[in-house]
Structure formats: structure tokens, C-alpha cells
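Colleague: Attaching a single structure in C-alpha cells format; questions to follow.
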Amino acid sequence: MIGTGRMGRCLAALLKGNAEVTLCSREPKKARALAKRLGVSSAGISELSSSDVVIAAIPTEALIKFAEEYAGTMRPDATFVDVSSVKIGVVEEVLKRLPQRAGYASIHPLFTSPRVKDKDIAFMVLREAKTLKRFREALARSARVFETAPEEHDRATATTQVLHHFALLTIERALKHAKVSETFKTNSLRRTLAVIRTVERNRETVITIQKLNRFGKEAREEFIREAEAFNAELSA
């Protein structure tokens, strides 16, 4: 497992009962501390060559460069896995950089904590391998894994992520201009603000998805059209 962020932690915790998990990071001290807390092993990135599956739980914008630098150190029959939130335009470039016999799966866990009840994982097979099949089986023991394709994934997440987050961040901007008094905030609004704060904590990733999902602009424009139409109805 490459990466000690939220998704790296989540997947390591999810998989540790079904596979031998080793955490790696460019910050070895952080990897060792997290591995100890999770009850898994830690190692340097140089250990990639001994792994059956390499999971790159790193930001989308860093993924292609990582594959360029490190994929060549993988075992020829190993499987490379990414957790990029955007697939089209990313997975094609990663695939070019992998060893010819290496398996490749791009996944998208639709959760960020192993404690949530409903654990769904979108699973895209870009190149088959025996090690990929075993990885999918290990995931399926702890989550509901469903297969999809990059375009289907990005079209769906243009609504479930791009439109959703755009609406929340737009509400946030409007509320800042409105300067609502704390005295008048309803419980419903406070709950909405709590969700917005969660989005804000992942703002860099959220903005990357907005920019890279090729169906995102269409989703945002549809939201704006619906908002304008609804406003016209209410103003008539």
C-alpha cells in the first residue's frame, strides 16, 4: 500500500484480515507509525519488487508520475492498482507505463472509513492477471465489489461527485455573502454546514475531480440550468 492518507489507511485496515499488507511512503517514519497503529507491516518504496499487488493510494495528479518512476520496479506478473477518482485520461497513461505482463485495476471505494456499514467499491479491470484476480477476491471479502468501465464510472461520478460537491461549495459561497447570524441557523442548516466542512477538508481532491472529469462541466451546467429554471418558477 503506497500512501498514508485517508484512503491508504482505509484500504489497509479493510484488507489486513484478508491479505498480508505492507505500508509504504516517501515518509518512512509516518508509514512505520501508521503501520504499528493498524497492525500491519511497513517498508520502503524499494520493496515494491517483492509485492504481488501494488496499491497507489495517492492523489490523482501524482499518479502518472509515480507509475513513470516506480512501475518498472514491480515484478513482471504483479498487479498495479490505483484509487484515482477520475479514470478517463488517467488510466490510459498509467497503463502505458506498466510492465507488459503486469495486471492493472483502477478502483474507487465509495467510502473513506472501514467502519461504515455500506462498503461499495467500483472495480475496473484494465489488464487481467492472476494476482489481480486474487486481489479482487480479497476485497470482496470485506466490501461489495462491482465491475464497471472508466467511461461509465466518470459519467456516474460527474453527478455523484462533481455536481454534488459543486452544489455544496456553491451554497457555502452564497452563505458567506449572506453572512447568516449564528442565532438564526437552523438544525438543518447546521447539518448541511457539517457536510460542507467534510468536503472542505478534501478541497484539493474535490477541485481536481471538478477539473479532470471530462463530463463535469456538463453536470455543473445542468445544475445551473435547473437552478435558474426553479428560480424562474418561484419568481413568476
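Colleague: Please sort 67-76, 7-16 by packing, taking for each peptide the average over its residues of neighbouring beta carbons within 10 angstrom, highest first.
Modeller: 7-16, 67-76
Colleague: Which lysines, if any, have their Cα less than 16 Å from the Cα of Lys211, not counting same-chain residues under 8 positions apart?
Modeller: Lys87
Colleague: While we're on this one: Please build a GNM for the chain, connecting alpha carbons under 10 Å apart, and tell me which residue among Ser106, Ser181, Ser25 fluctuates the most.
Modeller: Judging by the Gaussian network model, the answer is Ser181.
Colleague: Oh, and also: For the chain, calculate the relative contact order in percent as a whole number, restricting contacts to Cα pairs under 8 Å that are 6 or more residues apart.
Modeller: After rounding, I find 15 percent.
Colleague: Take every DSSP beta bridge with both residues inside region 1-123 and express the antiparallel ones as a percent of the total, to the nearest 5.
Modeller: Roughly 20 percent of the DSSP beta bridges within region 1-123 come out antiparallel.
Colleague: What length, rounded to one decimal in nm, is gained on full extension from Lys117 through to Ala174, with 0.36 nm per residue of separation minus their alpha-carbon distance?
Modeller: Extra length available between Lys117 and Ala174 comes to 17.2 nm.
Colleague: Next up: Would you mind telling me the antiparallel percentage of the DSSP bridges in the chain, rounded to 5?
Modeller: Bridges in the chain are about 25 percent antiparallel.
Colleague: In deg cm²/dmol, rounded to 500, what helix-only [θ] at 222 nm does the chain give when every DSSP H run of at least 4 residues adds -39500 (n - 2.57) and the total is split over its residues?
Modeller: Dividing the helical sum by the residues of the chain leaves -15500 deg cm²/dmol.
Colleague: Of the labelled options (i) 7, 26, 29, 18, 10, 6, 3, 0; (ii) 7, 28, 33, 19, 9, 4, 0; (iii) 7, 31, 35, 19, 6, 2, 1, 0, which one gives P(r) over Cα pairs in 10 Å bins from 0, in percent as computed for this structure?
Modeller: Among (i) 7, 26, 29, 18, 10, 6, 3, 0; (ii) 7, 28, 33, 19, 9, 4, 0; (iii) 7, 31, 35, 19, 6, 2, 1, 0, the one derived from this structure is (ii).
Colleague: Here is a follow-up. Using θ = phi - 60° and the Karplus curve 6.51 cos²θ - 1.76 cosθ + 1.60, what whole-Hz ³J(HN,Hα) does each residue of region 61-67 get, with Gly and Pro shown as x?
Modeller: My calculation for region 61-67 gives 5, 9, 5, 5, 5, 4, 4 Hz in order.
Colleague: In whole Hz, what ³J(HN,Hα) sequence does region 38-48 give by Karplus (6.51, -1.76, 1.60; θ = phi - 60°), x for Gly and Pro?
Modeller: 8, x, 10, 8, 9, 6, x, 4, 5, 7, 4
Colleague: Per residue, how big is the convex hull of region 24-109 when only Cα atoms are used? Give it in Å³.
Modeller: 94
Colleague: Over region 1-42, what is the relative contact order in whole percent, taking alpha-carbon pairs under 8 Å and six or more residues apart?
Modeller: Value for region 1-42: 41 percent.
Colleague: Let me ask something additional. When you have a sec, figure out the Kirkwood radius of region 114-236 from all distinct Cα pair distances and drop it here in Å to one decimal?
Modeller: 17.5
Colleague: Which trypsin sites (Lys or Arg not before Pro) in region 44-111 pass both tests, a DSSP loop state and at most 13 other beta-carbon atoms within 10 Å?
Modeller: Arg101
Colleague: Name the long-range amide H neighbours of Asn202: under 5 Å, sequence gap of 5 or more, or other chain; modelled H, no Pro or chain starts.
Modeller: none
Since every read-out is calculated from the coordinates, none of them should be taken as a lab result. As the structure is a prediction and not an experimental result, all values here were calculated from the model. Heads up, the Cβs are rebuilt from the backbone with ideal geometry, glycines too, and the neighbour counts pull from every protein chain shown.
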